[in-house]
Every structure is written in C-alpha cells, then in structure tokens.
Amino acid sequence: MLVQVARLAVVPLADCVAPPVTSKILKYCYGGNIPRRIVGSLINVSISMLFRSGRALYSIDGAPEPLVLKAGERYSARLSIVDSTADFVDRVNKLGLDSFNCESPYGSYHISISEIEVVPLEKLGMDLPRVFKVVFHTPTILNSKLMSPPPLASKVAAAHKLMPQPSFIFSHLLRFWNAYAPPERKLGKPSEWAPYLLGRMADVSLVELDYRVRAVTAVVGKDDRGRLRKSRGFVGWVVYESKANRKLHDIVSKLLALASLVGVGRSRGLGFGHVSVEVPATPEIEPKETPNSRNAEGWRT
C-alpha cells in the first residue's frame with residue numbers, strides 16, 4: 001500500500017471569492033483523476049485547504065466577509081492518497097496534471113505540483129522524541145464512537161469531541177492504518193478491540209505539558225434548501241510527553257507520521273483534521289523545567 005503526497009501551488013488568475021472550504025478548488029480541478037476508495041467509513045483521500053503564510057484558509061461561522069483570493073498570489077496545498085498502486089502519479093505524468101490551468105465555479109487558477117512523495121505505508125515513521133507538539137491547523141472532528149467498546153458501539157450516540165484527547169486521536173489513526181495496511185503490516189493485535197485498547201494506552205501514556213486549543217465552527221457550504229452546512233471541531237496545539245514503553249512509542253511515532261500526511265478524524269477529504277508534528281529545535285537541557293514554563297516557541301516541524 002502506497003501513500004502518495006502531492007504538494008501544490010495554487011495561483012488565482014484573477015481575484016475571486018473562494019468557496020467556504022478552499023479544498024473544493026482542488027477537488028473540482030482534479031476531479032475524476034483522484035482514485036477514491038472507502039474502507040469501512042475511512043476514505044483514502046485527503047485534500048487540504050489552501051494555505052497562505054502557514055495559515056489554512058476556510059470560512060468560520062459568523063465571519064463578516066467571504067474569503068477572497070488575490071490574483072497572482074501563491075497559495076500552498078496538499079493532496080494525499082493511500083492506494084495499492086501509484087495510479088494518481090501515473091495520471092499526473094500522462095495528462096500533464098503537474099502544471100495546468102483550471103476553470104472552476106470558484107474562479108480560474110494555475111495549479112502546479114512542486115513535489116510528489118510516494119512512500120510504502122509500512123515504511124512510514126519518524127524520529128519522535130519523548131516531548132513533541134501536535135498542531136491542529138484546521139478543525140479536527142473526532143466522533144465519540146471512536147472510543148466505544150466494540151459491543152457497545154451501536155448503542156452510543158454520535159457526538160463530536162472538542163478536546164484533543166489522545167485516545168480518540170490514536171484510535172482513529174490505528175483504524176485508518178489497519179484498514180489500508182496489508183495483513184502482515186497491521187499494528188497492535190489486529191482485532192475489533194485494537195483501536196479501543198490502543199486509545200486507552202494513549203490516554204495513560206501521553207501526558208499534556210502545555211496546550212492552546214479552541215473550538216471552531218466552520219462553514220462547509222449550503223444544502224439543497226439553501227441552508228448553511230457547518231462542522232464544529234477544535235484547532236490549536238498540544239505539547240505531549242510520551243511515557244510509553246519503546247514498543248508503544250514506536251506505534252505512536254508511526255501513527256503520527258501517517259497523521260502528518262493524511263490528517264486525523266472526519267472530513268479529511270474536505271481539508272479538516274490537517275495536523276503537523278513539531279519537535280524541539282534543540283535538546284531539552286533543563287530537567288527542572290515545569291509544564292507551565294513551556295510555550296509555543298523553540299519548535300520545528
């Protein structure tokens with residue numbers, strides 16, 4: 001199974017009003033050339049919002065004005081696909097989708113791919129230190145059912161969690177990994193209980209040292225009756241310290257490497273749940289440092 005990641009530049013050819021979720025521009029322009037698959041409820045495609053100066057662009061409920069994209073300005077984005085073949089990369093090469101103009105309902109754009117990365121899923125990983133920061137760039141939507149014991153899952157009402165609780169994050173990521181990984185590369189002890197058990201272990205082994213998180217309601221668009229469709233999730237960042245043993249810490253590292261490419265939670269195909277993982281720029285040398293003394297500075301992706 002391959003993880004294909006295309007990093008893109010999007011340049012409007014004229015000033016235009018963007019859709020509420022700017023990922024719809026890429027979704028329209030690449031259209032049927034994106035090989036979509038769904039395993040269970042997990043889609044294999046993640047399309048990011050457009051980013052400007054490191055900030056994701058999407059409409060928030062109550063915002064006084066729509067998003068306007070400026071002609072000639074360069075916006076960055078990312079398209080990630082998990083598939084058994086490199087079909088998307090082949091289509092890019094065959095159809096010239098590495099650099100093209102797109103006329104869309106949201107305006108005219110020049111879209112170019114600056115880099116394509118193809119990595120076997122089982123080779124994903126990162127050198128994750130014991131202290132790291134997870135940044136939630138766009139609203140992350142985690143369902144309460146993720147941490148329901150399997151026999152009770154059908155009896156639990158679905159609700160969105162508005163705090164980045166490790167159990168829900170890693171339960172979702174393990175479900176995604178094991179849904180697409182070949183049998184010999186699945187993590188944990190593959191069973192219906194594996195996501196729940198890993199989630200419980202994540203809660204007791206990952207300690208929050210600092211955080212800045214807020215709930216956000218994003219506008220998705222309008223339904224058939226002209227009513228606004230909205231999604232509510234959380235954005236911000238959390239600094240974690242891992243107390244896990246080496247085996248569990250390695251699983252956490254692999255799942256965070258996956259998250260940094262495909263996101264976390266629901267509606268990743270619309271750009272929600274876009275996360276990055278940052279580590280200290282220099283080794284920590286102050287053993288008496290207290291959790292309250294940490295801040296957002298001194299980190300690198």
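The values are calculated or read from the model by the stated rules, or taken from the named source; none is laboratory data. Since we're looking at a predicted model, the values are computed, not measured. Counting neighbours? That spans all protein chains shown, and the Cβs are built from the backbone with ideal geometry, glycine included.
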Q: Keeping to region 219-257, report how many residues are of a type in the set (A, V, I, L, M), closer than 24 Å to Lys24 by Cβ and at pLDDT 95 or above.
A: 1
Q: Starting from residues that are in contact (Cβ under 8 Å) with a residue 60 or more places away in the chain and either in contact with a Ser or Thr (Cβ under 8 Å, 6 or more places away or on another chain) or basic (Lys, Arg) (or both), keep the ones in region 37-50 and report whichever is surrounded by the most Cβ atoms within 10 Å (Cβ to Cβ).
A: Met49
Q) What is the residue count in region 149-173 for residues that are among the aliphatic types (A, V, I, L, M), over 14 Å from the mean Cα position of the chain (by Cα) and either closer than 28 Å to Leu124 by Cα or part of a loop (DSSP other than H, G, I, E, B) (or both)? A) 6
Q: State whether one or more residues within region 224-232 are within 18 Å of Lys133 (Cα to Cα), out of contact with any Phe, Trp or Tyr (no Cβ under 8 Å at 6 or more places or on another chain) and of a type outside the set (A, V, I, L, M, F, W, C).
A: no
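Results for (1) closer than 18 Å to Tyr180 by Cβ; (2) surrounded by 13 or more Cβ atoms within 10 Å (Cβ to Cβ); (3) not assigned by TED's automatic domain parsing to the domain that holds Gln165, shown as yes or no for each residue.
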position: Val89; (1), (2), (3): yes, yes, yes
position: Tyr106; (1), (2), (3): no, yes, yes
position: Ile113; (1), (2), (3): no, yes, yes
position: Ile116; (1), (2), (3): no, yes, yes
position: Phe136; (1), (2), (3): no, yes, no
Q: Considering each of Ser205, Ser167 in turn, give the residue that is among the small types (Gly, Ala, Ser), farther than 18 Å from Gly273 by Cβ and modelled with pLDDT of 95 or more.
A: Ser205
Q. Looking at Arg91, is it within 22 Å of the chain's Cα centre (by Cα), of a type in the set (Lys, Arg) and under 26 Å from Lys27 (Cα atoms)?
A. no
Q.
Name the single residue that is modelled with the lowest pLDDT among those in region 269-284 being in contact with a Gly (Cβ under 8 Å, 6 or more places away or on another chain) and farther than 30 Å from Lys24 by Cβ.
A. Thr282
**Q.** Breaking point among (1) part of a helix (DSSP H, G or I); (2) buried (at least 20 other Cβ atoms within 10 Å of the Cβ); (3) of a type in the set (A, V, I, L, M, F, W, C), for Phe272
**A.** (1)
